[in-house]
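**Student:** Input: one structure, supplied below.
The values are calculated or read from the model by the stated rules, or taken from the named source; none is laboratory data. Keep in mind it's a predicted model, so treat the numbers as computed, not measured. Positions of Cβ are backbone-derived with ideal geometry, glycine not excepted, and every protein chain shown enters the neighbour counts. All accessible areas refer to the heavy atoms of the entire protein, side chains included, with ligands and DNA or RNA removed. Shrake-Rupley method; radii C 1.70, N 1.55, O 1.52, S 1.80 Å.
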Amino acid sequence: MSAIAISGVGKSFRQYASRRDRLLEWLSPVGPKRHTLRWVLEDIDFQVQPGEVVGIVGVNGAGKSTLLKLLAGTSLPSTGRIELSGRVAALLELGLGFHPDFTGRQNVHLTGQLLGYSESELNQVMPEIEAFAEIGNYFDQPLRIYSSGMQVRLAFSIATAIRPDILIVDEALSVGDVYFQHKSFERIRNFKNQGTTILLVSHDKNAILSICDRALLLNRGKIVVDDQPSVVMDYYNALLSEKQGVRIDLLKTPDGRTQTVSGSGEVTLHDIRLLNDSNEPVDTIDVGQFVKLRISLYVHQPVDQLVLGYLIKDRLGQPAFGTNTHYLDRTLVGLAEGEVVTYEFAFQAALGPGHYSVSTAPVSTSDHLTNNYEWRDLALMFSVVNMSRPHFEGLCWLPPELEVSRSCT
């Protein structure tokens, strides 16, 4: 049985041309309709299994927060059905359910009861809430003197004081300080390991990639991608540069992976290879091996300026290293139709053992948001194995110089 089951869910709001139309419709409910419906969510269908962590991403206005409000029960769907199994804890809008004149301790009782906690449960976990929030004497001060970060600390501490069956977290955590964000995500990871079902809305790419088992991409009120976090974040990255004339395609690679390709097409990838010091193509290299990344581009239409960027990502899609020819002071100008431009980046692959991919991005400036000719994820795949270095852990090979001294007192 699914922990969350959503079928045919939609949410609409009435829009009136004027206050007069709103009043006339209210006075005569059986008369002609004087409003139009604005749908912010349409035909939402997905399921989340017990213990699964699902990220929800999308540009502003995509419908993410509205969807979470429906799941949390603070708003009702216009169409469809939502089924939730177990106790739900939601951390949505900052300060939702708080009373500004109550102290933090009093707000624990107020908000905790809204979350379904009993008085005895709240009294039992009160010391833990106070300790986790780490707001000191402010815990017994009125909420109106709290900073936004202190409110986040209190809200998260209340919502997670007792491990819920389902935890729903909106962007609220982004307001907190870095220390508390790390602390909160560690608690979320512990809940995940203990079987809590989690829905997480965040613009933090690394959080989605490291915590989530799966991700949904909302765009204009509809789910456009439901896939692995790395695939969804690649598509989301392409959406950021979407404009007229820019295409976004999801392609299947020969090994079955989903590849995102986006851009206007003036310049595209012609060839890409990873070479050893003998200029032989390789797909498996040693930690710290000297390699060359050779990338060839084909110019389909004349362009005034060309910058090539590449990004090496680990198996989860998290960036390991990236740069472009703008930062390397090698921007090209005045390229003609039919030209082939070849770049060769030489470097020591100081990467930890694992599987990696390379994304390529021929653009016109230092980023892909102005003129994205072609952003191609999974353009190249390779593996790193440790064949000659002492054992180490991590994404990077950073061998230290060690000095040890001993003395007697």
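**Student:** What is the calculated FRET efficiency for S85 to I145, with r their C-beta to C-beta distance and R₀ = 35 Å, to the nearest 0.05?
**Tutor:** 0.35
**Student:** Could you please state, rounded to a whole Å, how far the C-alpha centre of the range 373-408 is from the C-alpha centre of the range 239-307?
**Tutor:** Centre-to-centre distance over Cα atoms comes out at 24 Å.
**Student:** Something else about it: Quick one: Karplus J couplings for the range 363-369, per residue in order, coefficients 6.51, -1.76, 1.60, θ = phi - 60°, nearest Hz, x for Gly and Pro?
**Tutor:** Karplus-based 3J(HN,Hα) across the range 363-369 equals 9, 9, 10, 7, 9, 9, 8 Hz.
**Student:** If you don't mind, another one. Between L328 and H270, what FRET efficiency comes out of the Förster formula 1/(1 + (r/R0)^6) with R0 = 25 Å and r the beta carbon distance, rounded to 0.05?
**Tutor:** Taking R0 as 25 Å, the efficiency between H270 and L328 is 0.80.
**Student:** Still on this structure: Give the ranking of W375, W26 by solvent-accessible surface, highest area first, calculated with a 1.4 Å probe.
**Tutor:** The residues order as W26, W375, largest area first.
**Student:** Measuring from the lowest to the highest alpha carbon on each principal axis, how far does the chain reach, largest first, in angstroms?
**Tutor:** Reported extents, whole Å, longest axis first: 85, 76, 43.
**Student:** Apply the Karplus parameterisation 6.51 cos²θ - 1.76 cosθ + 1.60, with θ equal to phi minus 60°, to every residue of the range 305-319 and state each ³J(HN,Hα) to the nearest whole Hz, in sequence, with x for glycine and proline.
**Tutor:** 8, 9, 10, 10, x, 9, 9, 9, 10, 7, 5, 8, x, 7, x
**Student:** Give me the extension gain from S75 to W26: residue separation times 0.36 nm, minus the current Cα-Cα distance, reported in nm with one decimal.
**Tutor:** Roughly 15.5 nm would be gained on extension.
**Student:** With a point put 7 Å past each Cα toward its Cβ, work out how far V404 is from V385 in nm, to one decimal.
**Tutor:** If labels sit at V404 and V385, their model points lie 3.1 nm apart.
**Student:** Points 7 angstrom from Cα along the Cβ direction at E344 and E134: gap in nanometres?
**Tutor:** So the two model labels end up 5.1 nm from each other.
**Student:** Taking a probe of 1.4 angstrom, what is the accessible area of T79 in Å², to the nearest 10?
**Tutor:** Taking all protein chains as shown, T79 has close to 60 Å².
**Student:** Can I ask one more? With just the Cα atoms of the range 41-139, tell me how far they stretch along each of the three principal axes, in Å, largest first.
**Tutor:** Answer, in whole Å and largest first: 47, 28, 23 Å.
**Student:** Just grab the label-to-label distance for D227 and A17, each label 7 Å out from Cα along the Cβ direction, in nm (one decimal).
**Tutor:** Those two pseudo-labels are separated by 4.4 nm.
**Student:** Fully extended, how many nm does the chain gain between K252 and E121 (0.36 nm per residue separation, minus their Cα-Cα distance)?
**Tutor:** Result for the pair: 42.1 nm of gain on full extension.
**Student:** Over the chain, calculate the relative contact order: mean separation of alpha carbon pairs under 8 Å at least 6 apart, over the residue count, as a percent.
**Tutor:** 14 percent
**Student:** In addition: Work out the FRET efficiency for L37 and E393 from their Cβ-Cβ distance, taking R0 = 51 Å, and round it to the nearest 0.05.
**Tutor:** Efficiency computed from Cβ-Cβ geometry: 0.40.
**Student:** Could you give the length gained on full extension between Q47 and S210, defined as 0.36 nm per residue of separation minus the Cα-Cα distance, in nm?
**Tutor:** Full-extension gain reported as 56.6 nm.
**Student:** Per residue and in cubic angstrom, what volume does the convex hull of the Cα atoms of the range 105-216 have?
**Tutor:** Taking the convex hull of the Cα positions in the range 105-216, it is 106 Å³ per residue.
**Student:** For n ≥ 4 DSSP H runs only, could you compute -39500 (n - 2.57) per run for the chain, divide by its residues and tell me the 222 nm figure to the nearest 500?
**Tutor:** Estimated from H runs of four or more residues: -6500 deg cm²/dmol.
**Student:** Sticking with this structure for a sec: Could you state the per residue volume, in Å³, of the convex hull enclosing the Cα atoms of the range 267-336?
**Tutor:** Output value, Cα hull per residue: 124 Å³.
**Student:** Then there's this: How about the range 190-256: which trypsin sites (Lys or Arg not before Pro) there lie in a loop by DSSP and see at most 15 other Cβ atoms within 10 Å?
**Tutor:** R220, K243
**Student:** I would also like to ask the following. Using the Karplus curve 6.51 cos²θ - 1.76 cosθ + 1.60 with θ = phi - 60°, what ³J(HN,Hα) values do you get for each residue of the range 390-396, in whole Hz, with x for Gly and Pro?
**Tutor:** x, 4, 8, 10, x, 7, 10
**Student:** Quick query: amide H of G288 versus all other amide H atoms, modeled in the peptide plane; which residues come in under 5 Å with a sequence gap of 5 or more or a different chain?
**Tutor:** Hits under the 5 Å cutoff: A349, A350, L351.
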